[in-house]
Amino acid sequence: MFTRALPKFIARRPTRTLAWAFAGCALALVGADAASAATKARSITCRGGGNSCSAVIALAGGASNVKLKIVLSDTDLKLVGRVVKPSSVRGAYSLSRGSYSLGGSLYTVTLNAVQSIPKGSTLTLKFAVPTQSNGK
């Protein structure tokens with residue numbers, strides 16, 4: 001029925017072969033969507049002032065290679081601590097590949113967390129101006 005609209009080299013192929021070709025293209029498209037979903041990024045604003053700020057990240061439901069982009073409130077802030085609530089979730093997440101960019105105003109880190117983390121669980125990252133010792 002559609003053989004007149006198709007080029008001759010395609011029109012001569014059996015319908016089943018075309019169906020498999022279309023199915024293969026559909027799977028390739030779904031695979032591309034899954035790959036882009038695997039490299040998710042989450043933008044988070046650090047709340048605070050010029051001397052310190054805190055970024056709160058929800059952990060419920062887990063995360064797999066989620067890139068966190070934390071916008072800091074000043075350029076000279078460094079990560080000084082982290083608090084996870086509830087404390088039972090402490091070993092159920094990991095942060096890796098942390099780096100500063102844009103002159104120190106953006107902190108990027110990769111988050112991995114198990115799926116079984118309960119609703120309401122949070123990770124708070126605390127940033128502050130590093131203290132300088134007098135060398136005494």
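Putting +1 on Lys and Arg Cβ atoms and -1 on Asp and Glu Cβ atoms, find which of Ser43, Ser54, Ser94 reaches farthest to the positive end of the dipole of the range 34-136.
The one lying farthest along the dipole's positive direction is Ser94.
Can you sort Leu77, Leu59, Leu102 so the residue with the fewest Cβ neighbours within 10 Å comes first?
Values: Leu77 24, Leu59 21, Leu102 12.
Result, fewest neighbours first: Leu102, Leu59, Leu77.
Percentage of Cα-Cα pair distances in the range 33-133 greater than 18 Å, rounded to whole percent?
Working: 2360 of 5050 pairs.
Considering the range 33-133, 47 percent of its Cα-Cα pairs are separated by more than 18 Å.
Give me the distance in nm between label points sitting 7 Å out from Cα along the Cα-to-Cβ direction at Leu102 and Arg42, one decimal.
1.8
Pull out the extension gain between Ser94 and Val56, defined as 0.36 nm times the separation in residues minus the alpha carbon to alpha carbon distance; nm, one decimal.
Net length gain for the segment: 12.2 nm.
How far apart, in nm, are the 7 Å Cα→Cβ label points at Val80 and Ser133?
1.6
We did not get these values from a lab; they are worked out from the coordinates using the rules stated. Quick caveat: nothing in here was measured; it's all calculated off a predicted structure. Note: ideal-geometry Cβ built from the backbone for every residue, glycine included; neighbour counts use all protein chains shown.
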